[in-house]
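The values are calculated or read from the model by the stated rules, or taken from the named source; none is laboratory data. For clarity, every value in this text was computed on a predicted model and none was experimentally measured. Because the Cβ atoms are built from the backbone with ideal geometry, glycine has one as well, and the counts that use them run over all protein chains shown. Accessible surface is based on the protein model in full, side chains and every heavy atom, while ligands, DNA and RNA are left aside. Shrake-Rupley method; radii C 1.70, N 1.55, O 1.52, S 1.80 Å.
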Amino acid sequence: SREDSKPHRHEFFEIAYVVSGSSEHTIDGHTAIISKGDYFFVNLKAVHSYAGLSPDFEIINCLFVPEFIDRTLEGAHSFSEIMNNYPARFEYSAFSDSVAGRVFRDGDGFIYTLLSKMLEEFSEKKKGRLDVMRSLLVTLLICFARGEEETAEDESRINAIKEYIAENYMEEPTLSEIAKRLGISLTYASLIFKKATAKSF
């Protein structure tokens, strides 16, 4: 669907996936450019808006209340409240709320597949569709948690690269040397550095 670009809030959670086009998305005062393959999580009652929508901008929205996942989650207002209180314990120690509003990239199309399957179940109204949709939604939430974990690791490595540069800039360190010290590939080091700084090493 094409989203109303005015600032708005919902009495439910939202997962949005950009199917085509691009837009500027603002959530709780933080703005990012979103384009095809990007997806993000919006907390209950968070204010967000779209601006500068390209003519082909289209998103898939998954809107849900926490009790759809489990009745004991009624009253949860954030990603962290859902994940930290979900009755089936996850293999993670604790969840922060930094997932909400952060833009993630669907590198292999798996998120799109999950959302497409949810749409299919919703429209075909087969027996047991709500249970299938609930399972797919929980899978989506775990994907957000994994994505957040990977982002935190990247940020830690970027900080390590910056610290090494600051401490050894007189010796003109190479990225290859730094990557070796961090135990990561040169290609990966180059990628995360450029993504974080918008500059090549």
Restricting the first residue to the range 108-130 and requiring it to be open to solvent by 40 Å² or more (accessible area, probe 1.4 Å), which pairs with a second residue that is among the acidic types (Asp, Glu) meet a Cβ separation below 6 Å and a spacing of at least six or different chains?
TYR112/ASP106; ARG129/GLU121
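Could you check how many residues of the range 31-43 are under 23 Å from PHE68 (Cα atoms) and assigned to a strand (DSSP E or B)?
4
Checking the conditions here, which among LEU73, LEU63 is open to solvent by 70 Å² or more (accessible area, probe 1.4 Å) and under 19 Å from THR139 (Cβ atoms)? Write out each step before concluding.
Numbers: LEU73 fails: open to solvent by 70 Å² or more (accessible area, probe 1.4 Å).
From the options LEU73, LEU63, the qualifying one is LEU63.
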Can you name the residue in the range 1-30 that is modelled with pLDDT under 85 and outside any loop (DSSP other than H, G, I, E, B) and is also nearest to PHE104 (Cα to Cα) among such residues?
HIS30
Can you pull out the residues in the range 33-60 that are farther than 23 Å from LEU130 by Cβ, hydroxyl-bearing (Ser, Thr, Tyr) and open to solvent by 10 Å² or more (accessible area, probe 1.4 Å)?
SER35, SER49, SER54
